[in-house]
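Worksheet for the structure shown next.
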Amino acid sequence: ETGVTQTPRHLVMGMTNKKSLKCEQHLGHNAMYWYKQSAKKPLELMFVYNFKEQTENNSVPSRFSPECPNSSHLFLHLHTLQPEDSALYLCASNRVDTGELFFGEGSRLTVL
Amino acid sequence: QKEVEQDPGPLSVPEGAIVSLNCTYSNSAFQYFMWYRQYSRKGPELLMYTYSSGNKEDGRFTAQVDKSSKYISLFIRDSQPSDSATYLCAFSYGGATNKLIFGTGTLLAVQP
């Protein structure tokens with residue numbers, strides 16, 4: 001069982017819907033990440049939170065809104081998405097001073 | 001020039017074969033070199049982690065780093081059907097920067 005849990009695992013939404021992805025880590029880590037994984041493209045870093053503070057926003061469109069209420073929880077709020085936003089969204093965590101990322105199993109998003 | 005180049009495959013080999021997976025990179029500031037394995041419908045998991053040129057062995061897996069040529073490899077000996085997965089190379093600047101740069105991943109299929 002992974003130490004990083006993502007829900008929901010699958011999500012289908014229309015372009016006008018509002019939904020949220022949730023991530024929870026049980027590893028005592030202090031950094032959390034959102035990555036986007038699309039077919040035949042490298043993992044794209046979206047957001048980084050260190051000790052609950054956002055330290056990186058990789059030019060992500062404002063229709064994606066992250067929230068990190070504490071070091072164990074991370075959300076990605078979605079609204080007015082486009083079909084090209086359909087992808088696997090991966091949450092990851094680690095200790096700030098180490099390179100090893102621990103990933104969740106991802107949330108497969110389909111935008112109709 | 002892309003920061004990381006990785007052949008997406010797919011690569012199909014018979015059981016027992018030696019597999020060689022490779023990535024080239026252009027950024028000489030990378031200090032840490034990693035291989036992640038991603039099974040279908042799962043998140044990536046760390047397989048090998050190294051920070052210096054040379055070889056690192058772990059069971060049937062050997063990671064090789066050549067900093068002078070900006071080239072890393074992963075060798076799998078006596079490949080098994082359970083090795084069938086996507087293999088992603090990843091790079092880190094180290095220090096206080098905890099951002100990872102990923103390759104596109106190589107899809108490997110080991111045929112029984």
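Side notes on the structure shown:
- Test for B:Ala90: is it of a type in the set (A, V, I, L, M), surrounded by fewer than 17 Cβ atoms within 10 Å (Cβ to Cβ) and in contact with a Pro (Cβ under 9 Å, 6 or more places away or on another chain): no
- For the stretch B:31-61, the set of residues classified as more than 14 Å from chain A (Cβ to nearest Cβ) and surrounded by 17 or more Cβ atoms within 10 Å (Cβ to Cβ) consists of B:Phe61 only.
- Residue check, A:Gln6 in a strand (DSSP E or B) and within 28 Å of B:Tyr87 (Cα to Cα): yes
- Residue count for the stretch A:1-31, restricted to those that are within 13 Å of chain B (Cβ to nearest Cβ), open to solvent by less than 30 Å² (accessible area, probe 1.4 Å) and under 16 Å from B:Arg41 (Cβ atoms): 2.
- Residue identified as in a strand (DSSP E or B) and basic (Lys, Arg) among B:Lys42, B:Lys56, B:Lys2: B:Lys56
- Of all the numbered requirements in (1) crowded, with 16+ Cβ neighbours inside 10 Å; (2) under 30 Å from A:Pro8 (Cβ atoms), B:Ile76 misses one, and that requirement is (2).
- Checking A:Ser71, A:Ser93, A:Ser65, A:Ser59 one by one, the residue that is small (Gly, Ala, Ser) and modelled with pLDDT of 95 or more is A:Ser65 and no other.
- Top-ranked residue in the stretch A:32-62 [being over 15 Å from A:Leu78 (Cα atoms) and β-branched (Val, Ile, Thr); ranked as nearest to the other protein chains (Cβ to nearest Cβ)]: A:Val48
- Some residue of the stretch B:8-18 being free of Cβ contacts under 8 Å to residues at least 40 places away in the same chain and open to solvent by 40 Å² or more (accessible area, probe 1.4 Å): no
- When residues in the stretch A:75-108 are screened for being within 14 Å of chain B (Cβ to nearest Cβ) and assigned to a strand (DSSP E or B), 12 of them pass.
- Scanning the stretch B:27-38 for residues that are at pLDDT 95 or above and farther than 15 Å from B:Tyr49 by Cα yields one hit, B:Gln38.
- Of all residues in the stretch A:1-27, those satisfying the criterion of being free of Cβ contacts under 8 Å to residues at least 60 places away in the same chain and more than 14 Å from the chain's Cα centre (by Cα) are A:Glu1, A:His26.
- Test: residue in the stretch B:93-105 that is of a type in the set (A, V, I, L, M, F, W, C) and farther than 19 Å from A:Trp34 by Cα: no
The values are calculated or read from the model by the stated rules, or taken from the named source; none is laboratory data. These numbers were taken from a predicted model, which means no experiment stands behind them. Note that we place each Cβ from the backbone using ideal geometry, even for glycine, and neighbour counts take in every protein chain shown. The accessibility values were calculated without ligands, DNA or RNA, using every heavy atom of the protein model including side chains. Shrake-Rupley method; radii C 1.70, N 1.55, O 1.52, S 1.80 Å.
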